[in-house]
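Quick notes on the structure that follows.
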Amino acid sequence: MATITTDQGATYAAVLGFGSYRPSRVIPNADIVDAIDSSDEWIQQRSGIRQRRFATAEETVQVMSVAAARKAIERAGIEPQQIDCVIVATVTHLLQTPAIATAIAYELGTDAPAAFDISAACAGFCHGLALADQMVRGGAARYSLVIGVERLSDLTDMEDRGTAFIFADGAGAAIIGPSDTPGIGPVVWGSDGEQFDLIRQKEDWRDIVAMDRPVLPYLTMQGNPVFRWASFTMAKVAQQALDKAGISAEDLDVFVPHQANMRIIDAMARAMKLPERVVIARDIADQGNTSAASIPLALDRMIDEGQAKTGDTALLIAFGAGLSYAAQVIAVP
Ligand code: COA
């Protein structure tokens, strides 16, 4: 029997640079309350959201992704041609095929990298990060680009009280590459398909074409059970990610949970007994819930504003439709 040669990757991987893109339309609560019989006060109290960002027609999934990726590439100090793999986490690239990752890779001027999309909803970016980490250490890629991008405004029914005030648009990106020291801890990830229906696209494309007046397949959510699951179960997953990385909450500098709801963020921080000095991402207030884009958008802002510094230890945890989740500790680039 022939002996198959296998890949040998880097000893350690790390995030080398983040980037993000915020679309230009700022939508305050006042602009959406009438259609859902709500109020600015109710929305702020229940979700912490003051305003969100929606993309214009020109700010497509590809446009936002390329802008976020260019910043991440520049920050990482590499050339686009060095990227071996492009992973795009999204649920709002509305062509079923091909993957938007190949078009993004081409526009960036990369040299024919592996390029594919993944669908893990709000948990997509942390899934992509876990894949990229394994690729760099396994030898399948020296540098990987991971993008989380959404145009949820396309799939949100602005008359649905349960979702209209929550979802938003944007893109975040990261370059993962070899490192002399460990920069990405073990991923803790999983799913609970028994709760498949809690957050989902209402109809599939066949249901849509059968409609008298077809609309895009809007998202629907049972907010209350999602809230309970996220607040309690996810704090345990976050703790497991710390345990696997061999650190405690005392060692953390930055906490970047998925920006779903300010009350979920606060409940998790309390359950984990995070020390006061740990800086917590609260981008949800100005940006809304951007699903796969929320973690890199929030962390990139913290880096830009000096709240997260090079070498800081950050815990990321993402969760959402599926239900699916993924968490890991990283060193801030
Ligand atoms: N504006 C004003 N009132 C609203 C409302 C809205 N948009 N939506 C619901 N209400 C009212 C209900 O009618 C109900 O009124 P009642 O008490 O008189 O019957 C009351 O508010 C409570 O409704 P409920 O659906 O139980 O709200 P809630 O406290 O669960 O809050 C969410 C709703 C969506 C804010 C909350 O469930 C949530 O944040 N869930 C998690 C969402 C999330 O993070 N999803 C993303 C995960 S990736």
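Please treat every number below as a calculation from the coordinates, not as lab data. Source: prediction; values computed, not measured. Cβ: placed from backbone, ideal geometry, glycine included. Neighbour counts: every protein chain shown.
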For a protection proxy built on the mean count of beta-carbon atoms within 10 angstrom, sort 214-221, 185-192 highest first, please.
185-192, 214-221
Rg/Rh of segment 188-331 (Cα atoms, Kirkwood Rh), to two decimals, equals 1.04
How large is the dipole of segment 173-270 about the Cα centre if only Lys and Arg carry +1 and Asp and Glu carry -1, each at its Cβ, rounded to the nearest 20 debye?
280 debye
Cβ-placed point charges (K, R +1; D, E -1), dipole of segment 188-331 about Cα centre in debye, nearest 20
260 debye
Calculate for the chain the 222 nm mean residue ellipticity that helices alone would give, adding -39,500 (n - 2.57) per DSSP H run of length 4 or more and normalising by residue count, nearest 500 deg cm²/dmol.
-8000 deg cm²/dmol
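Based on a Kirkwood Rh over C-alpha pairs, give the Stokes-Einstein translational diffusion coefficient of segment 92-223 at 10 °C and viscosity 1.306 mPa s in µm²/s.
D = 93 µm²/s.
Express the Stokes-Einstein translational diffusion coefficient of segment 1-49 in µm² s⁻¹, to the nearest whole number, given a Kirkwood radius over alpha-carbon pairs, 10 °C and a viscosity of 1.306 mPa s.
Once the numbers are plugged in, D ends up at 97 µm²/s.
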In nm, what is the difference between 0.36 nm times the number of residues separating Thr97 and Trp42 and their Cα-Cα distance?
15.8 nm
Take each of the peptides 83-94, 298-309, 22-33, average the number of other beta-carbon atoms within 10 Å over its residues, and list them starting from the highest.
83-94, 298-309, 22-33
Using mean Cβ contacts within 10 Å as the protection proxy, how do 5-11, 287-293 order, highest first?
287-293, 5-11
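So for segment 147-214, considering every pair of alpha-carbon atoms, how many percent are separated by more than 19 Å? Intermediate values should be presented prior to the final figure.
On the way: 1428 of 2278 pairs.
Taking all Cα-Cα pairs of segment 147-214, the fraction more than 19 Å apart is 63 percent.
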Log10 I(q)/I(0) at q = 0.11, 0.15, 0.24 Å⁻¹ for segment 1-105, from Debye over equal alpha-carbon scatterers, is -0.58, -0.87, -1.26
Rounded to the angstrom and largest first, Cα extents along the principal axes for the chain equal 63, 47, 41
